[in-house]
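A.B. asks: Submitted below is the structure of interest, expressed as structure tokens.
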Amino acid sequence: MPQARLIDGKAIAAALRGEIATEVAGIRAASGKVPGLHVVLVGDDPASRVYVASKEKLAVEVGMNSVAHRLPAETTQAALLAKLAELNADDAVDGILVQLPLPKHLDTAAVIDAIDPAKDVDGLHPINAGRLAGGKIDPEQLLVPCTPLGSMLLLKSVLPALAGLEAVVIGRSELVGRPVAQLLLQADCTVTIAHSRTRDLAAVVRRADIVVAAVGRPGFVRGEWIKPGATVIDVGINRLPDGKLTGDVAFAEAAEIAGAITPVPGGVGPMTIACLLRNTLTAFKARRG
Ligand code: NAP
């Protein structure tokens with residue numbers, strides 16, 4: 001039987017969306033305006049289509065103006081940049097998200113660079129990444145990548161005091177590992193970032209009061225690596241041959257030892273879109289005072 005407390009990302013995400021809906025309703029009543037989220041999808045990758053449809057649906061549910069721009073797979077770099085310039089210039093657009101991955105002929109870094117940092121609700125623009133790394137601005141005021149932001153909210157739901165805790169982040173991607181590590185550092189944790197060249201990963205993880213796994217390998221983090229009572233945030237989403245989703249942590253093993261753990265699905269996943277909506281509201285408020 002698992003001893004660990006389950007961190008219910010589905011419920012926490014629903015509560016966050018409820019708070020956002022209340023705030024959006026208040027803004028609408030006071031000003032007649034609502035935040036506008038624009039998602040750009042290039043091509044017809046089935047997984048991306050599903051993600052974009054749920055972003056659209058949940059943005060509407062919280063009362064935002066939600067628009068998806070579906071462009072053909074053969075869209076040129078120039079045409080995509082022109083679309084972004086149009087959205088950057090449109091005052092009714094508060095948040096712009098380009099769904100990744102882009103088709104291979106497009107230059108992803110140049111596309112992200114072309115988004116107005118004030119509307120970059122994915123938090124991936126180098127200016128936003130730099131502001132986060134600088135550590136001088138309260139992350140609440142920043143546009144921070146959504147999955148890392150969601151992971152932190154889940155952590156704080158079980159650990160109100162993070163200062164001084166040992167945190168080990170496994171993975172150093174721009175999308176997850178690095179920004180999660182920055183947020184943990186900002187919360188005064190002692191942070192180690194592990195990756196594919198880390199020696200004796202099991203020993204490194206065993207030191208951790210907080211483990212964040214963002215590797216992309218099913219069941220990679222074993223239960224015996226976990227320090228008793230540690231909090232485990234499993235960011236991984238891996239599809240098994242039978243179609244089921246599973247995380248980067250061997251859940252049944254880890255749940256016997258951890259103090260609290262996120263399930264997959266139903267952990268970090270639902271927080272990502274909720275945090276996208278939160279970033280859209282943050283961008284709206286920052287742009288419009
Ligand atoms: P990524 O860009 O592929 O990065 C994976 C990281 O894991 C890399 O830094 C890599 O190290 C490290 N790694 C690979 N093998 C390792 C090993 N044997 N030991 C230690 N570290 C190892 O992936 P990502 O975009 O960060 O995503 C990670 C996972 O999170 C995936 O399962 C993805 O589907 C999931 N994800 C979930 C959400 C969500 O909404 N819940 C959002 C985004 C991503 P190197 O840098 O040395 O190669």
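Derivation of every value follows stated rules applied to the coordinates shown; laboratory data play no part. Just so we're clear, the structure is a prediction, and the values are computed from it rather than from any experiment. Neighbour counts are summed over all protein chains in view; Cβ atoms, including those assigned to glycine, are modelled from backbone coordinates with ideal geometry.
A.B. asks: Given a cut-off of 31 Å, name the pairs among LYS57/LYS136; LYS55/LYS156; LYS244/LYS285; LYS33/LYS244; LYS33/LYS104; LYS104/LYS244 whose C-alpha atoms lie farther apart than that in the structure shown.
C.D. replies: The pairs that break the limit, which is 31 Å between Cα atoms, are LYS57/LYS136; LYS244/LYS285; LYS33/LYS244; LYS33/LYS104.
A.B. asks: Over the chain, what is the mean sequence separation of C-alpha contacts under 8 Å (at least six apart), divided by residue count, expressed as relative contact order in percent?
C.D. replies: About 23 percent, as a whole number.
A.B. asks: Here is a follow-up. Would you mind working out the magnitude of the charge dipole of the chain relative to its Cα centre, with +1 at each Lys and Arg C-beta and -1 at each Asp and Glu C-beta, to the nearest 20 Debye?
C.D. replies: With Lys and Arg at +1 and Asp and Glu at -1, about 220 debye.
A.B. asks: Quickly work out the VAL50-to-GLU224 label distance, labels modelled 7 Å from Cα along the C-beta direction, and quote it in nm with one decimal.
C.D. replies: 3.5
A.B. asks: Related question: Hey, with R₀ at 35 Å, roughly what FRET efficiency would VAL60 and ARG207 work out to, going by the Cβ-Cβ distance, to 0.05?
C.D. replies: After rounding, the FRET efficiency stands at 0.20.
A.B. asks: Modelled label-to-label distance, GLU19 and THR108, 7 Å Cα→beta-carbon offset: nm?
C.D. replies: In this crude spin-label approximation the distance works out to 3.0 nm.
A.B. asks: State which stretch of the chain is the longest one without any exposed trypsin sites (Lys or Arg not before Pro), exposure meaning a DSSP loop state and at most 15 other Cβ atoms within 10 Å.
C.D. replies: Within the chain, the longest run free of exposed trypsin sites (Lys or Arg not before Pro) spans 34-103.
A.B. asks: What number, in nm² with one decimal, is the all-direction average of the projected area of the convex hull of the alpha-carbon atoms of the chain?
C.D. replies: Average projection, Cα convex hull of the chain: 15.3 nm².
A.B. asks: Right, here's the next one. Taking the Cα centre as origin and putting +1 on Lys and Arg beta-carbons and -1 on Asp and Glu beta-carbons, what dipole magnitude results for region 186-252, to the nearest 20 debye?
C.D. replies: About 200 debye.
A.B. asks: Applying 1/(1 + (r/R0)^6) with R0 = 41 Å to the Cβ-Cβ distance of GLN77 and ILE137, what FRET efficiency is obtained, to the nearest 0.05?
C.D. replies: Once rounded, the FRET efficiency stands at 0.85.
A.B. asks: Give the whole-number value, in cubic angstrom per residue, of the convex hull volume spanned by the C-alpha atoms of region 151-246.
C.D. replies: About 105 Å³ per residue, rounded to a whole number.
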